[in-house]
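The structure appears right after this line, and notes come after that.
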Amino acid sequence: MKKQCVIAGLILAFSGLLGTTALAKPRSNFGMAEQFKYEKQFKPQTLRSSHTIPSSAAVKEIGGISYGHHVDLKLKDGITVRCFPAATKNPEKTSKNYYYLPTNPHVARDPDGTPKFSMLRFVTDKTKEAGGVEGGILHFLVEYGLSPQQEKEAAKLLARKIKGAKLKGAVQLESGGEGNSFHVVSATLTDEGFTSTLVTSGKAPVMEGQRVAVAARLSGYGATLLAKSMEQPTTDISVVFDLKYLVKLPAYDVKVIIDYDMYHQMEKEYSHGREKKTTKKRYWNPKWYNVLNISTSKSSTLTEEEQQESIDFLVENGAVTFDYVQHVPDADKEIVESGLYKLVLESFFDMQKRFGQPSPDEVIGEEEEGESAKEIEAARRAEARKMKNYSYTVFQRKTIKRSGKTTLHLKKSIARYEHYTMTGNVGTWYEQFKDDPRLVSEVNLDDPFYQRREMRFVIDNEAYDIFSQMVNYATVQVRVPRKGRRPFIDELTIDRKYLEQSGQTATLTYARMGDDAQTYDYAVQWSLRGGYLYPKEPRWKKGELMAVTLAAPVTPMTIESEADLDELEELGIARVSVELKYSRFGKTYLDQKGLSLSPGVGEPVVNKVIYHDAEKDKIAYRLIYHHKKLGKIKDDKWQTVEGAYIYCSPSEMLLNKVRDLVL
């Protein structure tokens, strides 16, 4: 089979730039290990796989676009716009309705064209030893998409190229995966020696015109280096959006058969060989990359070649079979195979895209040791040097409990998610506005005119989402102690109306009154639907003058449930429901809705988004069976959800009751 690249590449750090610039302050103790540790704060702490196959509800709602039939249009300003026809029920027919992929990440602008950007470099007359400060504050808003004029131009070009074609709007996007889907790529802003604090909204917006915020507190060296960078054609600040969109593959009679019994046999023999260290099984050291080398408890990266060899390994040993019942034309073969390979990899691995540079523990897996591990690391980092999309993907082998065979069939047109990464540089406008004091300025903090300070509070995108579902408003209380004087105390309230009218950043100002401290105390309390306040007693935290991100007290998680419908039908079970129990807003919440599977409906996999406390990610579940004759049967035991996945296998209690009924 033709090898396909099914994953985004890696990226190297910008260490070369930092090592050669004359403006960089020497750092004796800040090496690669510290850099990896610093970058870790911007990455997800747990691996939650982003799924290739969308839910049936998403397919019904979104519809999707027809994959592999795009048209590229080049606008007058040099931007290339890719347009796809809408998916049709008959895949042999091409729709005249087209949708374009949003592009062109850039700094947002006011209605008068002024960029939403500020860079303030500051200094004091005093030395640092005498209490003086120096450095810079950077703050800007980023958005993506076409302007109305660009969209009209694209529509005209499309109509000229394809008779009767109409441009209906942008492709509907979704967040690319768990964790941060927006990332800042900068040698300066991701170097702790130059930037003490970097704050972003974290989650990429999924609609054109929505904005994401970036703020940074720079050292004196960092501010100088960044200001010089802004004068270059390509600045040292790029932004990356990790998104995905729904596509439909061409319909061909092609099957993928996964034999889980064979996989378990391979796994058992492999584990036995590791423990006994006797004869090596054929799964122990094959000529290709062994998927069993990937741990179920630790994630690692794989090269493109290793991914393909993993699929070859599964095929050669009978765990996976590709059955091309119908001949696939060469024009569509790459599309079909790419989709099939993604489905196979996702059946055995949790995969998650991450931004930045992979740390050493992400490059080498748990099972890789000694000299071979060094060779593997060298190969994977060599591949990283070839990639330029600022991202890499980690793999973690799934703990698979199911047995028997599963068939994935493309006889009907199937839908899948296609990852889409947008990258843009923020400085193309700088030459025109570099002398505008509203955007770029310098200030001596000892000047009496600047004796007021601002506190910025940024609502992150996940917190923004819950305002429409479970939150009335958020109250932020602020307290600034003053030596020998009455403290400054104030508060502000943020609700959905405020967010719609003023955006996701709220500001409070106060008089400095000679105070050199750059921190203050703040506390946040959320008003929930039903009149409940959370927390009842808000905790005071330390804030910095640059900005504070107000994260949601709850975080979303997609729970997926699966069952063998044929098995349920044989046991006389009309429906199996999943009851969830988790912590939300400090209380134990019993969730009895949303996850149910039924042979009558015919959907073997269902999913649901829940919101749980960010600090408590333990989710428990129990199964409720609805038997056609025995009625409702509840499992007495609550079990822990592993990897956001629940397989609804009949319990021993249920099997005994069904057996007694038959006897």
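Restricting attention to segment 560-571, does a residue exist that is in a loop (DSSP other than H, G, I, E, B) and not hydrophobic (A, V, I, L, M, F, W, C)? Yes, segment 560-571 contains a residue that is in a loop (DSSP other than H, G, I, E, B) and not hydrophobic (A, V, I, L, M, F, W, C). Consider Gly209 carefully, then state whether it is surrounded by fewer than 20 Cβ atoms within 10 Å (Cβ to Cβ) and modelled with pLDDT of 85 or more. For Gly209, the condition - surrounded by fewer than 20 Cβ atoms within 10 Å (Cβ to Cβ) and modelled with pLDDT of 85 or more - is not met.
Test Glu151 against the criterion of being under 28 Å from Pro111 (Cα atoms), open to solvent by 20 Å² or more (accessible area, probe 1.4 Å) and in contact (Cβ under 8 Å) with a residue 60 or more places away in the chain, and give yes or no. Considered against the rule, which asks whether it is under 28 Å from Pro111 (Cα atoms), open to solvent by 20 Å² or more (accessible area, probe 1.4 Å) and in contact (Cβ under 8 Å) with a residue 60 or more places away in the chain, Glu151 comes out as no. Pairs are defined by a Cβ separation below 8 Å, a sequence spacing of at least 6 or placement on different chains, a first member in segment 228-243 that is within 9 Å of Gly427 (Cα to Cα), and a second member that is among the acidic types (Asp, Glu) and part of a helix (DSSP H, G or I); the pairs so defined are Glu231/Glu431. Residue-level check: of (1) modelled with pLDDT of 80 or more; (2) open to solvent by less than 30 Å² (accessible area, probe 1.4 Å); (3) within 24 Å of Leu345 (Cβ to Cβ), Ala223 misses just (3).
(1) crowded, with 16+ Cβ neighbours inside 10 Å; (2) farther than 28 Å from Ser219 by Cβ; (3) in contact (Cβ under 8 Å) with a residue 24 or more places away in the chain; (4) within 33 Å of the chain's Cα centre (by Cα): which one isn't true of Leu157, the others all being true? Condition not satisfied by Leu157: (4).
Take the conditions (1) under 17 Å from Val291 (Cβ atoms); (2) in a helix (DSSP H, G or I); (3) at pLDDT 75 or above; Thr321 misses just one of them, which is (2). Only one of these is out of contact with any Asp or Glu (no Cβ under 9 Å at 6 or more places or on another chain) and over 30 Å from Leu499 (Cβ atoms): Lys168, Lys268, Lys255. Name it. From the options Lys168, Lys268, Lys255, the qualifying one is Lys268. Selection within segment 470-487: residues that are free of Cβ contacts under 8 Å to residues at least 24 places away in the same chain and of a type outside the set (Lys, Arg). The member of this set that is surrounded by the most Cβ atoms within 10 Å (Cβ to Cβ) is Pro487. The condition (being at pLDDT below 65 and either open to solvent by less than 80 Å² (accessible area, probe 1.4 Å) or out of contact with any helix residue (DSSP H, G or I) (no Cβ under 8 Å at 6 or more places or on another chain) (or both)) is satisfied by just one residue among Glu92, Glu39: Glu39. Of the candidates Gly179, Gly131, the single residue that is surrounded by 20 or more Cβ atoms within 10 Å (Cβ to Cβ), closer than 30 Å to Leu225 by Cβ and modelled with pLDDT under 80 is Gly179. For segment 643-652, a tally of residues being surrounded by fewer than 15 Cβ atoms within 10 Å (Cβ to Cβ) and either in contact with a Leu (Cβ under 8 Å, 6 or more places away or on another chain) or of a type outside the set (Asp, Glu) (or both) returns 1.
Only one of the listed residues (Ala547, Ala511) is open to solvent by less than 60 Å² (accessible area, probe 1.4 Å) and within 29 Å of the chain's Cα centre (by Cα). That residue is Ala547.
Give the residues of segment 182-199 that are open to solvent by 10 Å² or more (accessible area, probe 1.4 Å) and under 22 Å from the mean Cα position of the chain (by Cα), sorted by residue number. Correct list: His183, Val185, Thr190, Thr197, Leu198, Val199. Is it the case that Glu491 is under 35 Å from the mean Cα position of the chain (by Cα) and open to solvent by 70 Å² or more (accessible area, probe 1.4 Å)? So Glu491 fits the description; yes.
Checked against (1) over 30 Å from Ser527 (Cα atoms); (2) in contact with a strand residue (DSSP E or B) (Cβ under 7 Å, 6 or more places away or on another chain); (3) open to solvent by 30 Å² or more (accessible area, probe 1.4 Å), Lys618 passes all but a single condition, namely (1).
The rows are residues; the columns are (1) among the charged types (D, E, K, R); (2) surrounded by 19 or more Cβ atoms within 10 Å (Cβ to Cβ); (3) farther than 23 Å from Ser403 by Cβ; (4) over 33 Å from the mean Cα position of the chain (by Cα).
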{"site": "Thr588", "(1), (2), (3), (4)": "no, no, yes, no"}
{"site": "Gly602", "(1), (2), (3), (4)": "no, no, no, no"}
{"site": "His612", "(1), (2), (3), (4)": "no, yes, yes, no"}
{"site": "Lys628", "(1), (2), (3), (4)": "yes, no, yes, yes"}
{"site": "Gln639", "(1), (2), (3), (4)": "no, no, no, no"}
{"site": "Leu661", "(1), (2), (3), (4)": "no, no, yes, yes"}
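The strands (runs of 3 or more DSSP E) found wholly in segment 363-470 and carrying at least 2 residues that are at pLDDT 80 or above, over 30 Å from Val123 (Cα atoms) and not aromatic (Phe, Trp, Tyr) occupy 391-397, 405-409, 415-425.
Give the residue, chosen from Ala251, Ala204, Ala215, that is of a type in the set (Gly, Ala, Ser), buried (at least 22 other Cβ atoms within 10 Å of the Cβ) and modelled with pLDDT under 85. It is Ala204.
The values are calculated or read from the model by the stated rules, or taken from the named source; none is laboratory data. Predicted model, so just to flag it, every value in this text is computed and none were measured. As a convention, Cβ positions derive from the backbone with ideal geometry for all residues, glycine included, and neighbour counts pool all protein chains shown. Surface accessibility is based on the protein's heavy atoms, side chains included, excluding ligands, DNA and RNA. Shrake-Rupley method; radii C 1.70, N 1.55, O 1.52, S 1.80 Å.
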